[in-house]
Amino acid sequence: MKHHIIVKFKKEAPELSQMLPRIQQIFSGVLKVSGVSSYELIPNCIDRSNRYNLMIVITMDKNALESYDACDAHHQWKDEFTALIESKAIFDCE
């Protein structure tokens, strides 16, 4: 399964290029979760106000979603970045 997190940061958030190293560091931790095989950070290539800024794609077994939700990396992401997020969408697919 592919778990997509699509994020639009607030205008007052730091530039995405400044945040990406920390986001990369956080999400590298999801590889410790049983059933998670990979992740990818995909910045948007178009800078427009009506676009989202970043897509995070995590490849995992369907039954790993609960473990991912409970993992340290997921909690670090939420703790450190929720205040900087204007909106997000979560989408799961095969």
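Tabulated data
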read-out	value
Computed FRET value (nearest 0.05) for K62 with L20, which takes r as the C-beta separation and R₀ as 25 Å	0.35
Counted charge near D92, where neighbours are those whose Cβ lies closer than 11 Å (Asp, Glu -1; Lys, Arg +1)	+1
Degrees separating the helix 72-81 axis from the principal Cα axis of the chain, which is the longest one	10 degrees
Exposed-loop-free span, longest in the chain, where trypsin sites (Lys or Arg not before Pro) count as exposed if DSSP calls them loop and at most 12 other C-beta atoms lie within 10 Å	52-94
Carbon plus sulfur fraction of accessible area for the chain, probe 1.4 Å, in percent	49 percent
Reported label for calculated Rg/Rh (Cα atoms, Kirkwood Rh) given [x] 0.95; [y] 1.05; [z] 0.93	[x]
C-alpha long axis of helix 16-28 to longest principal axis of the chain, angle in °	10 degrees
Per residue accessible area of the chain, 1.4 Å probe, in Å²	63 Å²
Extension gain from M1 to I42, taking 0.36 nm per residue of separation minus the Cα-Cα distance	13.0 nm
List E86, E12, ordered by accessible area with a 1.4 Å probe, largest first	E12, E86
For I46, solvent-accessible area (1.4 Å; no DNA, RNA or ligand), Å²	80 Å²
Estimated FRET transfer efficiency when R0 is 22 angstrom, pair S28-I90 (beta carbons, to 0.05)	0.65
Selection from H3, A13, S34, by position along the positive dipole direction of the chain (Cβ)	A13
Surface accessible to a 1.4 Å probe, L31 within the full protein complex, Å²	90 Å²
Distant-in-sequence amide H partners of N44 (H built 1.01 Å from N, under 5 Å)	L54, M55
Solvent-accessible surface (1.4 angstrom probe) belonging to D61, in square angstrom, nearest 10	90 Å²
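The values are calculated or read from the model by the stated rules, or taken from the named source; none is laboratory data. From a predicted model like this one, the values you see are computed outputs, not experimental measurements. Heads up, the Cβs are rebuilt from the backbone with ideal geometry, glycines too, and the neighbour counts pull from every protein chain shown. Only protein heavy atoms, including side chains, enter the accessible area calculation; ligands, DNA and RNA are left aside. Shrake-Rupley method; radii C 1.70, N 1.55, O 1.52, S 1.80 Å.
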